[in-house]
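Have a look at the structure below, then the notes.
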Amino acid sequence: MDTFPWEITLTVLGVVIPTVAGVYEFFFIGRKRLGYRIQMDTRAFGGEFAGARHPSLVLVRVENNGSVPVDVDDYMETDPVGLSIRFPRRRVVRAFDPTRRGPSSPTNAIPDLNRDPERADPDVLRLPRVPLNRNEHYKVLVLLDELDGDDAPDRDGDESDAVMVSRIKGGRVTRTRYRAGVSRGAVALITVMASLIVALYYVSGESSTAAVDCASGELTVVGSTAFRPVVEEAAASYREACRDAPGEVEIHIRAAGSQEGVRTLDEAGRGAGEDGPAMLAFSDGRKGDGHPQLLPRPVSFSLFTLVVGKEAGVQDLTPEQIRRIYSGRYRNWKDVGGEDLPIALVGRYSSSGSRRALEERVLGGATEPNFTSQDCRSRVARPDNPALRCERGSTDEVLDTVAAVPGALGYAEAHAAAAEADRLHLVRIDGQPAELDAADRGVYPYWATEYAYTYGQPPADSLVAGFLRYITLEVGQDVIREHGQRPCADLANPRLCRPS
């Protein structure tokens, strides 16, 4: 049975709850609404005053706290009265608007509406039909006479016994209170939304370890040494993400070069069953001829760089200078303006994708010369190669050798080379550094498309397919970016995965 779709459910709730709250507030309770608040209700003057034997003062605030204006026709009292507020056991003596809004203000009618001492409802404060836009308000100061005399209770604004006895068309009149903070409704809504966010975060974290793309078993990854750090980190992340999945996940990494990995996968596939071998091969660039069963999938756009020891006094070379160095025409750094120091070429085996990218994109299709040295210091004479050149089996070995041999020149994946910048120079080509933007603009030539190869189409529920999806479509993309490369999915044409 499929697990309950908590992520979808929580996401829908996160949309529905504030929507319903907004609709309820706007359409059902908040469109047309007046509020009144007793801001002051206190005994006054200590004795008889202006016809009141036991006077008290009340300050009333009337406000439009809805979302639409309130017009004079919205009041339901008999004209000219708009609102009526009853003060039990008290008599209204006088009332007026203390803000003095001007000669044409509707609130100027307040004194006349409350002047008649012989009216039938002396305990009612009558207010005129005042049009109020949203958030507008007015105030009324009322002089009352306590009918209970000295036995009248003490009051404050919130405890006042005043009662609204009027209504408005299509809305309501409510008593409001002073709040220094956020309303209870807002607090409740914020609490619910925060709980949904926490729950969604928890469920998302749990789902990242769910077995959607997790499969148990063993997987062997072969191929590019330049791409090995990405594969190692992605494999560790995948194991962690799948730690709660049924079965164990074992990923073995054997990186010996791109073409060597392609050959290893092809040989393993020929001896495997219908589902193919539990193996992936990563290659800097496309496979060679003769492997028709291997299916490619572009993974990332990878950068490479030339590296040179700092004692050579060189940080920038033109493509022509590079070609002349590798052809053996330039054998000393002084030939390109550097120090008087012999050039020692540190290359990779013929199975290396980094080497093939150098030959295709920097050397103009020419191959690296044959090796003439084992230790990269002393040269064995060969008539077909005047250069001093040695070979190493991995990216790390090239970097270590270039750093150790004065005058050495090599090449490596750009992110790995940048980690050695304290002891090596990353050589610019025609003034352009090894940067993704420069390569994408077509001004930096040393790059390659990293491909993942499978032997045929692996079963969708296999560890091969699961890890491949993980590294190309899921969290593995972040790992690729962290290593200075660009996932193919980030490019304009992910299928080609090359500069635009």
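Each value in this text was obtained by applying a stated rule to the coordinates, not by laboratory testing. Quick caveat: nothing in here was measured; it's all calculated off a predicted structure. Counting neighbours? That spans all protein chains shown, and the Cβs are built from the backbone with ideal geometry, glycine included.
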- Query: Taking the Cα atoms only, what angle lies between the long axis of helix 258-270 and the longest principal axis of the chain, rounded to 10 degrees?
  - Reply: 90
- Message: Strictly greater than 43 Å: what percent of every Cα pair in the chain meets that?
- Response: 51
- Item | Relative contact order of the chain, defined on C-alpha pairs under 8 angstrom at six or more residues apart (%) | 15
- Counting pairs of Cα atoms in the range 458-500, how many percent are more than 17 Å apart? 40
- Mind listing the Cα extents of the range 55-95 along all three principal axes, in Å, largest one first? 37, 22, 16
- Message: For Cα pairs less than 8 Å apart in space and 6+ apart in sequence, what is the mean separation divided by the residue count of the range 208-499, i.e. the relative contact order in percent?
- Response: 28
- In nm, to one decimal, how far is the R89 label point from the R31 one, both placed 7 Å along Cα→Cβ? 4.2
- Of the beta bridges DSSP finds with both residues in the range 208-499, what % are antiparallel, to the nearest 5? 55
- Message: From the P(r) of the range 372-500, could you give the percentage of C-alpha pairs in the tail past 26 Å?
- Response: 42
- Query: By a straight-distance test (C-alpha under 17 Å), which aspartates and glutamates pair with K334 as possible cross-link partners, with residues fewer than eight away in the same chain excluded?
  - Reply: E311, D316, E320
- Query: From the residues N133, A387, G365, which one has its Cα farthest along the dipole of the chain in the positive direction, the dipole being from +1 and -1 charges on Cβ of Lys/Arg and Asp/Glu about the Cα centre?
  - Reply: N133
- Calculated from DSSP helices alone, with each H run of at least 4 adding -39500 (n - 2.57) and the total divided by the residues of the chain, [θ]222 nm to the nearest 500 comes to -8000 deg cm²/dmol
- Query: So which lysines can K32 reach, going by Cα to Cα under 30 Å and dropping same-chain residues fewer than 8 places off?
  - Reply: K139, K169
- Hey, what D do you get for the range 208-499 in µm²/s if you plug the Kirkwood alpha-carbon radius into Stokes-Einstein at 10 °C and 1.306 mPa s? 81
- Message: Using a 7 Å offset from the Cα along the Cα-to-Cβ direction at both R167 and R323, what is the distance between the two label points in nm, to one decimal?
- Response: 9.4
- Item | Folded to 0 to 90 degrees: helix 184-208 orientation relative to the chain principal axis, Cα | 20
- Note on the structure: For the chain, the longest principal axis of the Cα atoms and the Cα long axis of helix 463-473 enclose an angle in degrees, to the nearest 10, of 60
- How about the range 406-500: which trypsin sites (Lys or Arg not before Pro) there lie in a loop by DSSP and see at most 16 other Cβ atoms within 10 Å? R423, R441, R495
- Item | Relative contact order of the range 371-500, pairs being alpha-carbon contacts under 8 Å that are 6 or more residues apart, as % | 15
- Message: Given Cβ point charges of +1 (Lys, Arg) and -1 (Asp, Glu) and nothing else, what value in debye, to the nearest 20, does the dipole of the chain about its Cα centre take?
- Response: 1380
